[in-house]
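Engineer: Questions regarding the structure given below will be posed in turn.
The values are calculated or read from the model by the stated rules, or taken from the named source; none is laboratory data. A quick note: this is a predicted structure, and the numbers were derived from the prediction, not measured. In this analysis, Cβ positions are derived from the backbone assuming ideal geometry, glycine residues included, and neighbour counts consider all displayed protein chains. To get the accessible areas, we keep the full protein, side chains included, count just its heavy atoms, and leave off ligands, DNA and RNA. Shrake-Rupley method; radii C 1.70, N 1.55, O 1.52, S 1.80 Å.
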Amino acid sequence: IEQEAAKLKQSKVRLTQAATELKELNLSLEDKVEERTAELSKSEKKFRHLFTASKDMVFFSDNKYAILDMNASGSEMLGYSRHETSLLALRDIFRHEGDVTMYAKMLELDGYILDLEAEFKKKDGSTLYVLISATALYDEQGQVVGSEGIAKDLTRLKTMMEQLVSSEKMASVG
């Protein structure tokens with residue numbers, strides 16, 4: 001009986017030690033989770049600020065090129081409400097179907113697009129000239145699941161260049 005009592009006493013001591021170690025590990029884990037949560041929150045705030053404060057169009061699309069999200073600047077550039085842009089796909093805003101195909105092929109082949117000039121169709125039918133940079137988004141298996149892009153409005157610059165060319169032609173003629 002004494003041996004059994006000693007074994008039980010030893011087991012109780014080991015159990016108490018294990019419980020103490022578990023509590024310490026749990027506290028350490030909780031601290032790490034809290035620290036990572038704070039880091040993620042800080043990172044998300046930076047991203048959210050960039051997304052909302054950018055004067056350029058920032059958009060996310062899925063692998064079928066449906067627009068998942070677009071910042072307010074993008075909606076404003078196109079003349080749509082934020083709700084309306086969530087119902088659009090890239091093929092709805094690219095003026096030329098071939099540009100959507102080129103966008104998709106470049107992402108598929110290279111994984112990114114750098115400075116693709118394109119024409120977007122605004123809600124009122126007018127043209128928005130843009131310079132697009134985009135990156136493909138991948139899942140764990142390496143399959144493209146969508147893209148994130150930025151489109152810079154070149155309309156004013158394009159108009160000014162056309163006016164300059166026109167005035168140079170007029171000067172050379174007359």
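Engineer: Among the residues of region 122-130, are any more than 23 Å from S81 (Cβ to Cβ), surrounded by fewer than 16 Cβ atoms within 10 Å (Cβ to Cβ) and free of Cβ contacts under 8 Å to residues at least 60 places away in the same chain?
Structural biologist: Filtering region 122-130 down to residues more than 23 Å from S81 (Cβ to Cβ) leaves none.
There is no residue in region 122-130 that is more than 23 Å from S81 (Cβ to Cβ), surrounded by fewer than 16 Cβ atoms within 10 Å (Cβ to Cβ) and free of Cβ contacts under 8 Å to residues at least 60 places away in the same chain.
Engineer: Shifting gears a bit: Of the numbered conditions (1) open to solvent by less than 60 Å² (accessible area, probe 1.4 Å); (2) without any contact (Cβ under 8 Å) to a residue 40 or more places away in the chain, Q141 fails exactly one; give the number of that condition.
Structural biologist: Exception for Q141: condition (1).
Engineer: Any residue at all in region 23-30 that's in a helix (DSSP H, G or I), acidic (D, E), over 30 Å from T135 (Cα atoms) and open to solvent by less than 100 Å² (accessible area, probe 1.4 Å)?
Structural biologist: yes
Engineer: With respect to K169, determine if the residue is open to solvent by 90 Å² or more (accessible area, probe 1.4 Å) and either over 16 Å from D56 (Cα atoms) or in contact (Cβ under 8 Å) with a residue 12 or more places away in the chain (or both).
Structural biologist: yes
Engineer: Of the conditions (1) modelled with pLDDT of 95 or more; (2) surrounded by 15 or more Cβ atoms within 10 Å (Cβ to Cβ); (3) over 17 Å from N63 (Cα atoms), T155 fails just one. Which one is it?
Structural biologist: (1)
Engineer: Which residue pairs have Cβ atoms closer than 6 Å, lie 6 or more positions apart in sequence or on different chains, and pair a first residue in region 95-119 that is under 14 Å from S147 (Cα atoms) with a second residue that is of a type in the set (S, T, N, Q) and open to solvent by 50 Å² or more (accessible area, probe 1.4 Å)?
Structural biologist: Close Cβ pairs satisfying both conditions: Y112/T135.
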